[in-house]
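First up is the structure itself, then whatever we jot down about it.
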Amino acid sequence: VLFLQIVHILNMTSAKIVSFLLHPEESLHSLQIRIEFETGISTGNQELLLETGICLDPRKPASQCVIDGVRGWDSYMVYLFDKSKTVYDGPFASRSLSDCVNYIVQDSKIQLPIPQLRKVWAEAVHYVIGLKEDYSRLFQGQRAAMLSLLRYNANLIKMKNNMVSASQQLKAKLEFFHQSIRLDLDRYSDQMAYGISSEKMLKAWKEMEEKASQCAQAEDIGYLDEQIMALHTEIVELQKSPYARRQGEVMESLEQRAIDLYKQLKTRPPDHAYSDSTDMVKIIVQTVQSQDRVLKELFGHLSKLLGCKQKIIDLLPKIEVALNNIKEADNSVMQMQGKRQREIWHLLKIACTQSSSRSLVSSSLEGTTSTPAAPLWFPQSSSGNVPHPLSSVATPEDG
């Protein structure tokens, strides 16, 4: 028996506990199928959280639900949420009364012998303690939901920071690109009259400028930033809410009053005296009413937590899309910048080639005027005529 592994699942949608005996090396999916059979929540909609707000890992066995040690043997709880619901409004019925306790609740003034009254009051005290413990477990479930929300929020902040950083980098690159291409277009226009001209390249550069203006749309993340900031404000308000803290002080004081009342009864001698249960029934009624109130507040707060969490889940894909758009725009700008620089270097190569051709022509002309005699390296023709000095220079038609 000591080596058995029992997992207790608190269904937060119904406030009921279901327990399962884990089979050796049972997978989490297998456990979820059993949970679906017991609770009606499909495996796809099940969210199983530990007390720390960590979601159970589907790659690990079901034994991850149970921790080692005395405390975890039969008291550790896993909290089950239905991902298809964000509003948990009950109604949640209190735990049922035993026959003995129900007997005195129906008629609190009925007189019972002291020995019998002790047994009935012992069950009544157990019932009051149980009501308080039920609330404590549900509060732990709400706390697990809050910790899970904060984990999602931390991931949201990380993705938001990456998105803002990428947007700022894109904005800086676009500003640089626009300034540099504007300068290149101005300088190109200045040299067209006496230098090199290419309508095809000029058209391509202007198209690049227009495409860069379109890329600027990717850096516009203001609408997402506003939604994220509003969500952060909402989460902070939920953390500050009094319902985020334990509200069971009244129930704890009622529990202590029930225990004290039972202790007083125990000290009375087991003679033939009789007594009624008016005081104990009053405590039971007040505890039930207190539990109803705090559970209504608890589940109202829990619904707000789950609503915020769903907003984060809906936002994450949008941020992912925005990040991809920014990266694509960034790559496009860098490719256009590289293409333009390669074209500039190509222009420089053409200009250098033309300059070399002009130098060759001018040097040949200078050689002709300074030395009237025929160059020694010109071959003699059979007729004895010397060829013209420019006959060896390439003509424009030769390329």
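The values are calculated or read from the model by the stated rules, or taken from the named source; none is laboratory data. The shown structure was predicted, so the numbers you read here are calculated from the model rather than taken from an experiment. Note: ideal-geometry Cβ built from the backbone for every residue, glycine included; neighbour counts use all protein chains shown. Please note that ligands, DNA and RNA were not included when accessible areas were found on the heavy atoms of the full protein model with its side chains. Shrake-Rupley method; radii C 1.70, N 1.55, O 1.52, S 1.80 Å.
For this structure, a couple of remarks:
- Couplings 3J(HN,Hα) of the stretch 220-229, computed from phi: 7, 10, x, 5, 5, 4, 5, 5, 5, 5 Hz, in residue order, whole Hz [Karplus 6.51 cos²θ - 1.76 cosθ + 1.60, θ = phi - 60°; x for Gly and Pro].
- ASP220 accessible area, assembled protein chains, probe 1.4 Å, Å²: 100 Å²
- Computed about the Cα centre, the dipole magnitude for the stretch 6-82 is approximately 40 debye when only Lys and Arg (+1) and Asp and Glu (-1) carry charge, each at its Cβ.
- Relative contact order %, the stretch 6-82, counting alpha carbon pairs below 8 Å whose residues are six or more apart: 43 percent
- Calculated FRET value between SER27 and GLU249, using beta carbons and R₀ = 35 Å, to 0.05: 0.25
- In Å², nearest 10: area of SER303 left accessible to a 1.4 Å probe: 20 Å²
- Here the stretch 143-178 is scanned for amide nitrogen atoms under 18 Å from the site 7 Å beyond the Cα of LYS318 along Cα-to-Cβ, giving 152-165, 167.
- With contacts taken as Cα pairs under 8 Å and at least 6 residues apart, the stretch 26-147 reaches a relative contact order of 30 percent.
- Among GLY222, GLY300, GLY248, the residue with the largest mean-square fluctuation in a Gaussian network model of the chain, with springs joining Cα atoms closer than 10 Å, is GLY222.
- Computed lengthening from ASP186 to ASP99, 0.36 nm per intervening residue step minus Cα-Cα distance: 21.7 nm
- ³J(HN,Hα), Karplus 6.51/-1.76/1.60, whole Hz, each residue of the stretch 345-353, x for Gly, Pro: 5, 5, 4, 4, 5, 5, 4, 5, 5
- Surface accessible to a 1.4 Å probe, PHE299 within the full protein complex, Å²: 10 Å²
- Computed from phi, the 3J(HN,Hα) profile of the stretch 171-188 under the Karplus parametrisation 6.51, -1.76, 1.60 (θ = phi - 60°) reads 4, 5, 5, 5, 4, 4, 4, 5, 5, 5, 6, 5, 5, 4, 5, 5, 5, 5 Hz, with x in place of Gly and Pro.
- Global geometry of the chain, whether rounded, prolate or oblate, following the gyration tensor of its Cα atoms and the 1.5 cut on a/c: prolate
- Per residue of the chain, the DSSP helices (runs of n ≥ 4 H) give a summed -39500 (n - 2.57) that works out to -23000 deg cm²/dmol at 222 nm.
- Amide H contacts of SER27 (H built 1.01 Å from N, under 5 Å, at least 5 apart or other chain): ALA62
- Residue with peak Gaussian network fluctuation, the chain [Cα springs, cutoff 10 Å], from LEU117, LEU131, LEU360: LEU360
- Near the amide H of TYR76, within less than 5 Å, lie no amide hydrogens of residues on another chain or at least 5 residues away, with H placed in the peptide plane.
- Full-stretch length increase - HIS126, HIS232 - with 0.36 nm per residue and alpha-carbon distance subtracted: 33.9 nm
- Relative contact order (percent, whole number), the stretch 99-357, Cα cutoff 8 Å, 6+ residue spacing: 44 percent
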